[in-house]
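Each remark here refers to the structure printed beneath this line.
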Amino acid sequence: MCFDSSEQERFDASESIVLIPLSTRSMLFMISAHDSIAMYLAIEPQSLCFYVIAASKRKSEFSTEAGSKYLILGAFSSGILLFGYDRTTTDIYMWAPDIYEGSPTPVTAFLSIAPKISISANISRVSIYGSYGATLQQIFFFCSIASMILGALAAMAQTKVKRLLAHSSIGHVGYIRTGFSCGTIEGIQSLLIGIFIYASMTIDAFAIVSALRQTRVKYIADLGALAKTNPISAITFSITMFSYAGIPPLAGFCSKFYLFFAALGCGAYFLAPVGVVTSVIGRWAAGRLPRVSQFGGPKAVLRAPDTMDRDKSLLLAMTSSFITSFFPYPSPLFSVTHQMALSSYL
């Protein structure tokens, strides 16, 4: 993905080839950390890598702005209680969409998925252990509500594709955080299911956006001719955004259903209604993309995006198949996530 987009977005992919594995290695260290110092020391190297790759498009002032804002936000987060969780759980400074918009599209996809998976895997162990478990669950409770509300409301006003995906990502992570508020095996299993589904949807969305960048698609209105120039991409993109919106029977709906069910099972009765309301609001925001791509009049004459390479097409086919087939065949992922949730207690 980096090599495919390096020419069209004019950023140095060679740096990403080095920094992305380094940040991934730091994430693995963070997941295996057993104390706060080790976890903090693992967070800082990966954050430094993120700052550099966010600003890797050096000729773009937006990319430089993205890296600078990420650096300031990360330094501020690290300074508060030495707890550097700058992972866009709550968009306090409204800078996360700027980072997503200014960074190269492959970098944005990586920043949307990898840090959230690593920090979720680490906190899933902390939230069910020790004397601070109940306190952490209350913190996650309020963070989940804030993320869901801010993500849904802010997405309504967006006119750019990547910024809308950024706010949808913030809101979806808020849904995933509801699993932390439970402190039970069911809660951990539901958040693991949510992470798998979220990663699949994000890969789908940004793979298509990366291809559309060749036609200089930046605003939502620019998608008006997508169904005419590339109907397969339009259909796949629509399915992905419907899944983001939680339309049944797609995987995104199943993810939210299991998370809300786990929240009700652990007594978080206020969390589930808030999630349902914000999900309805998010449906309108995310539903604009498929509506414009399928039925909106073309703003300009766009040439069809270049054909994706074999590896990216295969990845897109796998994730799309997972999104559409999870509802009738949930057992494989259920078995895997149940074993992972049980291992959190061992």
Between ALA263, ALA272, ALA251, which is touching a Leu at 6+ places or on another chain (Cβ under 6 Å), within 18 Å of LEU191 (Cβ to Cβ) and at pLDDT 85 or above? ALA263
For segment 264-278, enumerate the residues that are among the hydrophobic types (A, V, I, L, M, F, W, C) and within 22 Å of LEU153 (Cα to Cα). PHE270, LEU271, ALA272, VAL274, VAL276, VAL277
Candidate set: segment 171-188, residues that are more than 18 Å from ILE247 (Cα to Cα) and crowded, with 24+ Cβ neighbours inside 10 Å; chosen: the one farthest from the chain's Cα centre (by Cα): CYS182
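Being outside any helix (DSSP H, G or I) and surrounded by fewer than 21 Cβ atoms within 10 Å (Cβ to Cβ) is the filter here; which residues of segment 235-267 pass it?
Residues satisfying the conditions are ILE247, PRO248, PRO249, CYS266, GLY267.
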Cβ contacts < 6 Å: first residue free of Cβ contacts under 8 Å to residues at least 12 places away in the same chain, restricted to segment 258-283; second residue among the hydrophobic types (A, V, I, L, M, F, W, C), any location; separation 6+ or different chain. Result? LEU264/ALA272
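Can you tell which of SER26, SER16 is small (Gly, Ala, Ser), part of a helix (DSSP H, G or I) and at pLDDT 80 or above?
Every option except SER26 fails the conditions.
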Search result, residues across segment 51-67 that are part of a helix (DSSP H, G or I) and either over 12 Å from SER103 (Cβ atoms) or aromatic (Phe, Trp, Tyr) (or both): TYR51, GLU61, PHE62
Do we have any residue at all in segment 298-315 that's modelled with pLDDT under 90, surrounded by 16 or more Cβ atoms within 10 Å (Cβ to Cβ) and under 21 Å from ILE170 (Cα atoms)? no
Check ILE232 against each of (1) of a type in the set (A, V, I, L, M, F, W, C); (2) more than 20 Å from the chain's Cα centre (by Cα); (3) crowded, with 19+ Cβ neighbours inside 10 Å and name the one condition it does not meet. (3)
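The values are calculated or read from the model by the stated rules, or taken from the named source; none is laboratory data. It should be emphasised that the depicted structure is a prediction, and the values quoted were computed from it without experimental measurement. No Cβ is skipped: glycine too gets one built from the backbone with ideal geometry, and neighbour counts run over all protein chains shown.
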